[in-house]
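Scroll down for the structure; my scribbles are underneath it.
The values are calculated or read from the model by the stated rules, or taken from the named source; none is laboratory data. Since this is a predicted model, take the numbers as computed values, not measurements. FYI the Cβ positions are ideal-geometry reconstructions off the backbone, even for glycines, and counts take in every protein chain you see.
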Amino acid sequence: MVIYLCFFKGATKDVIPKIVNSVVNVKLSESDTGKRVSVIDLPGDVLIVPQATLGGKAKGRSMQYHANADKVLGMELFAQFISQCQQELESHPSWVEAGAVLHHGTYGNRQVLQLDTNGPYTHLLEF
């Protein structure tokens with residue numbers, strides 16, 4: 001599962017547990033039998049990518065990002081999200097025993113990501 005994450009102004013650490021609970025438990029993945037399952041039930045790897053451009057808004061012919069949380073707060077919230085995701089995933093023996101891993105990008109840095117997917121299957125979750 002690839003999670004692109006952006007925090008807006010007004011975001012607080014109080015929303016992190018709700019986000020974590022949703023992304024690790026929502027049934028978005030498809031099992032070998034075709035049944036929808038969570039990343040824990042699959043079990044599957046998780047990649048978390050900080051993606052501030054999700055907070056962009058078109059103004060004229062350019063993008064503005066005034067709605068995004070400032071960089072310091074964004075870094076703090078991203079670090080907390082990573083930590084809580086890791087704790088939640090590792091609390092499930094089936095996820096750990098399967099050798100599934102959590103990877104994440106670095107907040108505030110440009111990063112290159114190449115992604116192959118087996119279909120157009122993208123969801124937007126807002127909190």
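Among the candidates Val39, Val2, Val24, the residue that is within 26 Å of Asp116 (Cβ to Cβ) and in contact with a Cys (Cβ under 7 Å, 6 or more places away or on another chain) is uniquely Val24. When you scan the stretch 26-55, how many residues do you find that are outside any helix (DSSP H, G or I), of a type in the set (Ser, Thr, Tyr) and more than 17 Å from His103 (Cβ to Cβ)? Qualifying residue count, the stretch 26-55: 3. In the stretch 112-124, the count of residues that are outside any helix (DSSP H, G or I) and among the aromatic types (Phe, Trp, Tyr) is one or more.
Ala58 falls short on exactly one of the conditions (1) over 14 Å from Tyr4 (Cβ atoms); (2) hydrophobic (A, V, I, L, M, F, W, C); (3) assigned to a strand (DSSP E or B); (4) touching a residue at least 12 places away in the same chain (Cβ under 8 Å), and that condition is (4). Which residues, counting only those in the stretch 76-127, are hydroxyl-bearing (Ser, Thr, Tyr) and more than 23 Å from Asp14 (Cβ to Cβ)? Those that are hydroxyl-bearing (Ser, Thr, Tyr) and more than 23 Å from Asp14 (Cβ to Cβ): Ser94, Thr106, Thr117, Tyr121, Thr122. Does the stretch 104-113 contain any residue that is of a type in the set (S, T, N, Q) and under 20 Å from Val24 (Cβ atoms)? Among the residues of the stretch 104-113, not one is of a type in the set (S, T, N, Q) and under 20 Å from Val24 (Cβ atoms), which makes the answer no.
For the stretch 93-105: of the residues being part of a loop (DSSP other than H, G, I, E, B) and under 19 Å from Gln80 (Cα atoms), which is nearest to the chain's Cα centre (by Cα)? Result: Gly105. Taken together, the residues in the stretch 9-55 that are more than 16 Å from the chain's Cα centre (by Cα) and either closer than 18 Å to Gly105 by Cβ or modelled with pLDDT under 90 (or both) amount to 4.
Answer yes if at least one residue in the stretch 77-92 is among the polar types (S, T, N, Q), part of a loop (DSSP other than H, G, I, E, B) and at pLDDT 95 or above, and no otherwise. Yes, there is a match, as at least one residue in the stretch 77-92 is among the polar types (S, T, N, Q), part of a loop (DSSP other than H, G, I, E, B) and at pLDDT 95 or above. Selection of the stretch 82-127 for residues being crowded, with 16+ Cβ neighbours inside 10 Å and aliphatic (A, V, I, L, M) yields Ile82, Leu89, Ala100, Leu102.
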